[in-house]
Each structure stands twice: as structure tokens, then as C-alpha cells.
1. Filter segment 65-93 for residues that are within 25 Å of VAL39 (Cβ to Cβ), modelled with pLDDT of 80 or more, surrounded by 16 or more Cβ atoms within 10 Å (Cβ to Cβ) and of a type in the set (A, V, I, L, M, F, W, C) and give the result.
2. Quick check on my filter: what residues within segment 103-114 are touching a Ser or Thr at 6+ places or on another chain (Cβ under 9 Å) and surrounded by 15 or more Cβ atoms within 10 Å (Cβ to Cβ)?
3. Taking VAL7 as the residue in question, decide whether it is β-branched (Val, Ile, Thr), surrounded by fewer than 17 Cβ atoms within 10 Å (Cβ to Cβ) and at pLDDT below 90.
4. Please list, ordered by residue number, the strands (runs of 3 or more DSSP E) wholly in segment 17-121 having 3 or more residues that are of a type in the set (Phe, Trp, Tyr) and on the phi > 0 side of the Ramachandran plot.
5. Could you count how many residues in segment 94-121 are touching a strand residue (DSSP E or B) at 6+ places or on another chain (Cβ under 8 Å) and modelled with pLDDT of 80 or more?
Amino acid sequence: MTARRRVGRDRGSFTAEMAAGLPALLLLLLAGLAAVDAVSTRASCRDAAREAALAAARGGDATVAGRSAPPDAAITVVVEGDLVRATVQAPVRAFGARLPQVTVVASAVAAIEPGVGEAPS
């Protein structure tokens, strides 16, 4: 048996495969980075909501939660009976303003501490 060589048949196949695979790999990498950004923003919102709920439950200023909130976050504090609910909403803009944004929401609840909001006797 003699070995035959394929001359010219496979020439350029690696280039074609790379041209098709590289954009797909880049898209997968960008999607992963966007997911990490969303998870990080969610954690920041959760921390800010917890801080706002605890500050409001102690009779303090709930705006201190803005320090740990992501940029452009909206903080809402609502008193529901003897509980305080803080909600933080923040946009996640993946790769600039050209793509649609996702809004991440986190909330926390804290019990109002005794004596908060009562007139001194």
C-alpha cells in the first residue's frame, strides 16, 4: 500500500474554522462578563437594601445606604405597620447604552425598634 497525500484539499480549513469560531467565543465571553456584572450589581443592591432597612428601623437616615448602592440606584423605604421595607433598583447596562438594560431589584425588611418614632415623655 502506498500512502497518498492530499495536497491542497485541507488548505485554509483552519482559517475558516477560526473565522467562524472566534466570534462565537467572543460572544460567549461577553455574555459571561455581563452575567458577572449583573450578579455584582445584585449583591450591591442587596447590601444597600439591608443597610437602608436597618437604618430606617433604628430611626436613622435611610439615605446612608446610598454609599453601598450601585450608581443610578433608586432606594425606596416604606413603613408597613411595625416593619420597614427597603427596596433598591439599579440598571445593569451591558456593554454601554446600545443594548437593552436589565433592572436588578433587591429588598430587605427590618422590624422597627421599640421607642423609635415615639414622642419623649
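The values are calculated or read from the model by the stated rules, or taken from the named source; none is laboratory data. All figures in this text were calculated on a predicted structure; none of them were measured in a lab. Glycine also receives a Cβ, built like all others from the backbone with ideal geometry; neighbour counts cover every protein chain displayed.
1. ALA69, ALA73, ILE75, VAL77, ALA86, VAL88, ALA90, VAL92
2. Selection gives VAL104, ALA106, SER107, ALA108.
3. yes
4. none
5. Qualifying residue count, segment 94-121: 12.
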